Amino acid sequence: MKYWITEIFQSIQGEGEVIGTPSNFIRLAGCHLRCIWCDTKYSWFKYEGKEMTLDDILSQLNRNLPLTTITGGEPLLQNITPLVAAIKLELKQKVLIETSGTIRPPKKLVELVDIFSVSPKLSNAGYKFNYNFIYEKWPTYYKFVIVNPEKDLKEVAEFVRRNNINPEKVILQPDGRVNNYEEALRRLVDAVMEFGLPFRVLPQLHRLIGYR
């Protein structure tokens, strides 16, 4: 089994429910989206990555870490079930998948993966998707990038209502492209409090500390 890989590295997990956890990162090459605010545009094109075998990938992972994050690009464009199975079997680590939610994972993958971080795209990404998560149980949490709090939060609230999502599974974070990230975070918090929304606001920790 071979995969197209953009990069493999170790860092803290900077987002979501496992924020701050040391992790291996496997960034798969290839994405079917072109989000305006994407900070990994170098992973968009599959053949700009490197073709690697399972053994090649596993050899570059730190076996002492508690977590491996598989991201992209869009990792579900490739058949990652064997990769996840190998990590679980050989490294005994938890596996987190970061995905746009536009591709439903197969049943076997859902059984293997510990955490699905699903990032539905709002209109601020340059897209308008008709997501349907009403009967979907596999997402662990939903993570939304907020560019304009006054506009985007209304869209998030409608998305949550329409898909009958538990608000406790919703995480908001500011657009990472801004010059003053702390100010953007503060503005987002202010808007959430003003609108009386029950969603969590979390930073991208790696941006605050200047880490990868």
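The values are calculated or read from the model by the stated rules, or taken from the named source; none is laboratory data. This one's a predicted model, so the numbers in the text were calculated from it and none came from an experiment. Reconstructed Cβ throughout: ideal geometry from the backbone, glycine too, with neighbour counts over all protein chains shown.
Couple of notes before you dig in:
- Residue pairs meeting the criteria (Cβ under 6 Å; at least 6 apart or on separate chains; first surrounded by 13 or more Cβ atoms within 10 Å (Cβ to Cβ), in region 45-63; second among the aliphatic types (A, V, I, L, M) and not in a strand (DSSP E or B)): 46/29; 49/29; 54/1; 54/86
- For region 24-79, the tally of residues that are in contact with a helix residue (DSSP H, G or I) (Cβ under 7 Å, 6 or more places away or on another chain) and basic (Lys, Arg) stands at 2.
- Test set (1) at pLDDT 95 or above; (2) within 19 Å of residue 173 (Cβ to Cβ); (3) in a loop (DSSP other than H, G, I, E, B) - residue 131 fails condition number: (1)
- Any hit, region 5-14, residues being part of a loop (DSSP other than H, G, I, E, B) and either surrounded by 14 or more Cβ atoms within 10 Å (Cβ to Cβ) or modelled with pLDDT of 95 or more (or both): yes
- Residues located in region 165-184, provided they are touching a residue at least 24 places away in the same chain (Cβ under 8 Å), in a loop (DSSP other than H, G, I, E, B) and either acidic (Asp, Glu) or exposed (fewer than 15 other Cβ atoms within 10 Å of the Cβ) (or both): 175, 177
- Number of residues in region 27-61 that are part of a helix (DSSP H, G or I) and touching a strand residue (DSSP E or B) at 6+ places or on another chain (Cβ under 6 Å): the value is 2.
- Selection of region 185-200 for residues being crowded, with 18+ Cβ neighbours inside 10 Å and either outside any helix (DSSP H, G or I) or in contact (Cβ under 8 Å) with a residue 24 or more places away in the chain (or both) yields 188, 191, 192, 197, 199.
- Looking across region 136-146, the residues that are of a type in the set (A, V, I, L, M, F, W, C) and either crowded, with 19+ Cβ neighbours inside 10 Å or in a strand (DSSP E or B) (or both) come down to 144, 145, 146.
- The lone exception for residue 152 - which of (1) of a type outside the set (Ser, Thr, Tyr); (2) outside any helix (DSSP H, G or I); (3) in contact with a helix residue (DSSP H, G or I) (Cβ under 9 Å, 6 or more places away or on another chain); (4) touching a residue at least 24 places away in the same chain (Cβ under 8 Å) it fails: (2)
- Applying the condition of being crowded, with 16+ Cβ neighbours inside 10 Å and of a type in the set (Lys, Arg) to region 81-106 and asking which residue is farthest from the chain's Cα centre (by Cα) yields 88.
- One residue alone among 130, 179, 166 is over 20 Å from the mean Cα position of the chain (by Cα), of a type in the set (S, T, N, Q) and at negative phi, and that residue is 179.
- Every condition in (1) modelled with pLDDT under 95; (2) in contact with a helix residue (DSSP H, G or I) (Cβ under 7 Å, 6 or more places away or on another chain) holds for residue 109 except the one numbered (1).
- Of the candidates 24, 64, the single residue that is assigned to a strand (DSSP E or B) and either farther than 22 Å from residue 174 by Cα or touching a Gly at 6+ places or on another chain (Cβ under 6 Å) (or both) is 24.
- Residues that are of a type in the set (A, V, I, L, M), modelled with pLDDT of 90 or more and under 27 Å from residue 200 (Cα atoms), drawn from region 15-57: 18, 19, 26, 33
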